[in-house]
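Chemist: Structure in structure tokens, see below.
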Amino acid sequence: MPAFADPARQARTGDAVVRALAAYKRYETGDLHVAEAEIRRFMAPGRLWARPGDRVDARAFYADTGSVGVGRMSYGAEVVVDRPTASRYLGIAIPLSGRLRIRRGRDTVDARAGESLVVIAPHGRSVTEWSADCDALMLRATTSALTRAARVLTGGRDPGRAPRFAHQVLSLEQGHAVYSAARLLAETFGRYADVDAVPTGLLHQLSEHALSALLLGLEHDLSAPTRPAHRAAPSAAVRSALRLIEDETSAAVNVGELARHVGVTVRALELGFRRALDETPHEYLRRVRLERAHRDLLAADPAEGATVTEIASRWGFFHTGRFATAYRAAYGVLPSVTLRSAARAATA
């Protein structure tokens, strides 16, 4: 019997994930409309249906780094999740118990605990039936983060869009890299009381690892490199600069100050970043700080005085209009919408 199909091993894995994410409860509700509104924050807009008279016990636990998120979801009843519109997320659903049934026109394909996982592509309608006993590990990545990470896969040529994935069901053996990345995220978050307690550098490394697993472990239209990648290993100065950025708790330095801290000229630092990362220090700082602003907005509580302006300024975005434009391009909504959604989730 393959290790993936070993029921005892799968039960132990499921138990470990359940324990790891226990501190990250986001909602528990018997109201499908509430659950429908909440899953928009983690996965994508969609509709939920249950059979008339069935009692729903919807629960979700999840943690979000900005680029990627990991969670656990269950409904306690047979429900249908219909996502008719395009999403800004690639989603992975891995049953820990029960099964997910994926509709493809007139055909259906089952994903069962210990056997398979479901790839929910950002584009195209997806219809998924959850069994009443289904508890699923969920992994998702933003299309903006996948677009950035795909530049490495394509040899540095920016395709200008996210890779296109297909809705599909894969065996856990086929999706082993993705399955392992989801478990690693969940189990690492489980060592901390909340996302804010996770060291910033570790958050970055976890995000990059998950993005690499998705891009290298799943089929998509950018899988074949357009030309060989010839990236230089990061120099000592670039490594030092990356560590300084990873340790930031707010926007503390600009590119000039960063260069002085690591003992090189701005031009030398720019060349080092271009060779190793194919982006300038300014582009890297802006991208990382936008992800951290997104994370802080998700965790903020307006009742405690949190505002979009304060969070944007913390991460070096002092022009709120430009920040809102950049944020919407990356995450599909205005930052004020994220902040209000976080407030509703906190009071649910």
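Quick note: the coordinates plus some simple rules give every number you see, no bench work behind them. As the structure is a computational prediction, the values presented were derived from the model and not from experiment. In this analysis, Cβ positions are derived from the backbone assuming ideal geometry, glycine residues included, and neighbour counts consider all displayed protein chains.
Chemist: Mind listing the long-range amide H neighbours of Tyr89? Cut-off is under 5 Å, sequence gap 5 or more, other chains count too, H placed in the peptide plane at 1.01 Å from N.
Modeler: Thr143
Chemist: Looking only at the chain, where both bridge partners belong to it, what percent of the DSSP beta bridges are antiparallel (to the nearest 5)?
Modeler: 100
Chemist: Oh, and also: Give the order of Trp315, Trp130, Trp49 when sorted by the count of other beta carbons within 10 angstrom, beginning with the fewest.
Modeler: The most exposed by this proxy come first: Trp49, Trp315, Trp130.
Chemist: Need one number: the % of Cα-Cα pairs in the chain sitting beyond the 37 Å mark.
Modeler: Counting every Cα pair in the chain, those more than 37 Å apart make up 19 percent.
Chemist: Just to verify a number: FRET efficiency for Arg59 and Thr325, C-beta to C-beta distance, R0 = 35 Å, to 0.05?
Modeler: The pair Arg59/Thr325 has a calculated efficiency of 0.45.
Chemist: With only Lys, Arg, Asp and Glu charged, each at its Cβ (+1 for the first two, -1 for the last two), find how big the charge dipole of the chain is about the Cα centre; round to the nearest 20 debye. Mind showing how you got there, number by number?
Modeler: On the way: 47 positive and 38 negative charges, 182 e Å.
The calculation lands at about 880 debye.
Chemist: Grab the DSSP H runs of the chain that are 4 residues or longer, score each as -39,500 (n - 2.57), total them, divide by all residues and round the 222 nm result to the nearest 500 deg cm²/dmol.
Modeler: Helix contribution divided over all residues of the chain: -13500 deg cm²/dmol.
Chemist: Quick one: helix 176-189 against the long Cα principal axis of the chain, what's the angle to the nearest 10°, folded into 0 to 90?
Modeler: 80
Chemist: Here is a further query. Return a whole-number percent for the relative contact order of region 3-217, with Cα pairs under 8 Å and 6 or more residues apart as the contact set.
Modeler: Numbers: 453 pairs, mean separation 47.3, N = 215.
RCO, region 3-217: 22 percent.
Chemist: Using the Cα centre as the reference, give the magnitude of the dipole from point charges on the C-beta atoms of region 236-347 (Lys, Arg: +1; Asp, Glu: -1; all else neutral), rounded to the nearest 20 debye. Show your work: numbers first, answer last.
Modeler: Details: 16 positive and 13 negative charges, 53 e Å.
About 260 debye.
Chemist: Ala236 to Ala22: extension gain in nm, 0.36 nm per residue of separation minus the Cα-Cα distance?
Modeler: 73.1 nm
Chemist: At a 10 Å Cβ-Cβ cut-off, how would you order Val288, Val18, fewest neighbours first?
Modeler: Val18, Val288
Chemist: Tell me, what HN-Hα J-couplings in whole Hz come from the Karplus equation 6.51 cos²θ - 1.76 cosθ + 1.60 at θ = phi - 60° for each residue of region 65-77, using x for Gly and Pro?
Modeler: Once θ is set to phi - 60°, the couplings for region 65-77 become 8, x, 7, 10, x, 9, x, 10, 9, 8, 10, x, 7 Hz.
Chemist: Taking the 0 to 90 degree range and rounding to the nearest ten, how far is the long axis of helix 143-153 tilted relative to the main principal axis of the chain, both from C-alpha atoms?
Modeler: 60
Chemist: Stretched out fully, how many nm does the piece from Asn254 to Arg125 gain, at 0.36 nm a residue minus the Cα gap?
Modeler: On the way: separation 129, 0.36 × 129 = 46.44 nm, distance 4.32 nm.
Fully extending the segment from Asn254 to Arg125 adds 42.1 nm.
Chemist: Under the 0.36 nm per residue contour assumption, what length would be gained going from the current alpha-carbon distance of Arg103 and Ser171 to full extension?
Modeler: Net length gain for the segment: 22.8 nm.
Chemist: Next question, about the same structure. Please check the chain for the longest run free of GluC sites (Glu not before Pro) that are loop-located per DSSP (anything but H, G, I, E, B) and have at most 15 other Cβ atoms within 10 Å.
Modeler: Here the longest run is 1-172.
Chemist: Given R₀ = 30 Å, what would the calculated FRET efficiency be for His261 paired with Glu310, taking r from the Cβ atoms and rounding to 0.05?
Modeler: About 0.70, to the nearest 0.05.
Chemist: Taking only Cα atoms and a 10 Å spring cutoff, compute GNM fluctuations for the chain and point out the largest among Val262, Val169, Val81.
Modeler: Val262
Chemist: May I pose another question? Compute the long axis of helix 7-20 from its Cα atoms, compare it with the longest principal axis of the Cα atoms of the chain, and write down the angle in degrees, 0 to 90, nearest 10.
Modeler: 50
Chemist: Sticking with this one: I need the phi-derived Karplus couplings for region 23-32: 6.51 cos²θ - 1.76 cosθ + 1.60, θ = phi - 60°, integer Hz, Gly and Pro marked x.
Modeler: Residue by residue, region 23-32 yields 7, 10, 5, 10, 7, 8, 8, x, 9, 4 Hz.
Chemist: Choose one of Phe323, Val337, Val288: the residue whose Cα lies farthest towards the positive end of the charge dipole of region 278-345 (beta-carbon charges +1 Lys, Arg; -1 Asp, Glu; about the Cα centre).
Modeler: The residue sitting most towards the positive pole is Val337.
Chemist: For the chain, the longest stretch holding no trypsin sites (Lys or Arg not before Pro) located in a DSSP loop with at most 11 other Cβ atoms within 10 Å is which?
Modeler: Answer from the scan: 192-348.
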